[in-house]
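Taking it in order: structure first as structure tokens, then the write-up.
The values are calculated or read from the model by the stated rules, or taken from the named source; none is laboratory data. Quick caveat, the model's predicted, so the values are computed rather than measured. Heads up, the Cβs are rebuilt from the backbone with ideal geometry, glycines too, and the neighbour counts pull from every protein chain shown. For accessibility, only protein heavy atoms count, side chains too; no ligands or nucleic acids. Shrake-Rupley method; radii C 1.70, N 1.55, O 1.52, S 1.80 Å.
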Amino acid sequence: QAKSLGRGRSVVFELVMASNQRDDYLLERDLGEAVERNQLSLVFQPKVDLVKRKVIGLEALVRWNHPTRGQNSPGAFIPIAENSDQIIGIDRWVMRSAIAQQARWRSSGSTRLPVAINLSIVDILSPNLVGYLTELLAQYHVPAAALEVEVTESCFMRELGETQNVLRALNDAGIATALDDFGTGFSSLSYLRQLPLQCLKIDQSFIRSMLQDPNAEKLTQAIVAMGIALKMTIVAEGVETKEQMNWLLAHGCHIGQGYFFSPPVPAEDVQQVIERLEVRLSA
Ligand code: C2E
Ligand code: MG
Ligand code: MG
Ligand code: MG
């Protein structure tokens, strides 16, 4: 009996797998047309200096509005795009759009804050990434200091040497670099010191659990101390409560990002979100 039950389960499992694979295949097919059909957009989330109570930067996050499925989250389609190399076309669209948006904000007297974009290892390894970015900056008259790049530890795990070279070239061009989702990969602390990175973003899983779980709290404290020792800017991701903000302030992490401050918002709302947020923080 147990045997037949097991068999039934595995049939169900295979059916679910097959339908997931079909789903991925359909998404991958539609993704190929997302750029040309104008289905992508950007939203921007503020990064906040908790001491000065000021917004100090923005992160650009991509959204895909699918004609029949509606909003797809990047958590679902970015991995598919990475596996099919479509990520290069998508992220080059993101780079152009983020820089063009900054040019529009600047010419309309709106925000001049730096904007961070997320890059995949596929982008890092793609030809002429740094040249593409510097040409965009020149074309739109946006200074390199107004652009930042976020990468994850998986880049260093897969292609340490080439990632180092590209990040160094970005730094040489005046573009700062950040390590995203820190603490979720298999970080080798010894190499962190040698990487061309200015900023460490503590993954939101630490922030979510640090006030309940003493081990998570100690780990977060250790990451902050390490970042300070390495003279890196430290950003806490996923700050959702005032208690979390106060903990960060008390433990030397002075920059936060998360729903407590603001969710990511469309470009036209950014200026108002910044102004209202700064009023709320200084109240
Ligand atoms: P990420 O770069 O670590 O971005 C932070 C994610 O956390 C975003 O999800 C953001 O909306 C979400 N978030 C912000 N504050 C909070 C909070 O307080 N609580 C919680 N629970 N979540 C919060 P999103 O926009 O769905 O993006 C997910 C991931 O997809 C990003 O993680 C990034 O790795 C990737 N991604 C997004 N846009 C791009 C892009 O243009 N290019 C590439 N290559 N990857 C992207
Ligand atoms: Mg990021
Ligand atoms: Mg992150
Ligand atoms: Mg992430």
*So how strong a dipole does the stretch 80-222 carry about its Cα centre when Lys and Arg Cβ are +1 and Asp and Glu Cβ are -1, to the nearest 20 debye?*
500
*asked:* I'd like the carbon and sulfur percentage of the solvent accessible area for the chain, probe radius 1.4 Å, heavy atoms only, ligands and nucleic acids excluded.
replied: 53
_Ordering of 52-65, 210-223, 229-242 by burial proxy (mean other Cβ atoms within 10 Å per residue, highest first)_ = 52-65, 229-242, 210-223
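Hey, what did the stretch 222-283 get for relative contact order, percent, Cα under 8 Å, at least 6 apart? Provide the component values of the computation, followed by the final result.
Working: 46 pairs, mean separation 17.9, N = 62.
It rounds to 29 percent for the stretch 222-283.
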_I need to check one value: relative contact order of the chain, counting alpha carbon pairs closer than 8 Å and at least 6 residues apart, in percent._
18
*Keeping all protein chains in place, calculate the accessible area per residue for the chain (probe 1.4 angstrom), answer in Å².*
51
*Under the Karplus relation 6.51 cos²θ - 1.76 cosθ + 1.60, θ = phi - 60°, what is the ordered set of whole-Hz ³J(HN,Hα) values for the stretch 36-47, x standing for Gly and Pro?*
5, 8, 6, 8, 8, 8, 10, 10, 10, 10, x, 10
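Give the average over all directions of the projected area of the C-alpha convex hull of the chain, one decimal, in nm². Can you show the working numbers first?
Values: hull surface 72.8 nm².
Taking a quarter of the hull surface, the average projection is 18.2 nm².
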*Under a 5 Å amide H to amide H cut-off, with H placed in plane at 1.01 Å, what residues pair with THR233 once short-range neighbours are removed?*
CYS199, LEU200
*Among all lysine pairs in the chain that are eight or more places apart or on different chains, how many have alpha carbons less than 22 angstrom apart?*
14
*Can you tell which of SER209, SER97, SER120 shows the greatest fluctuation in a Gaussian network model of the chain with Cα springs below 10 Å?*
SER209
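So if I place +1 on the C-beta of Lys and Arg and -1 on the C-beta of Asp and Glu, and nothing else carries charge, what would the dipole magnitude of the chain be about its Cα centre? I want it in debye, nearest 20. Write out the running numbers ahead of the final one.
Numbers: 27 positive and 32 negative charges, 106 e Å.
The calculated dipole for the chain is roughly 500 debye.
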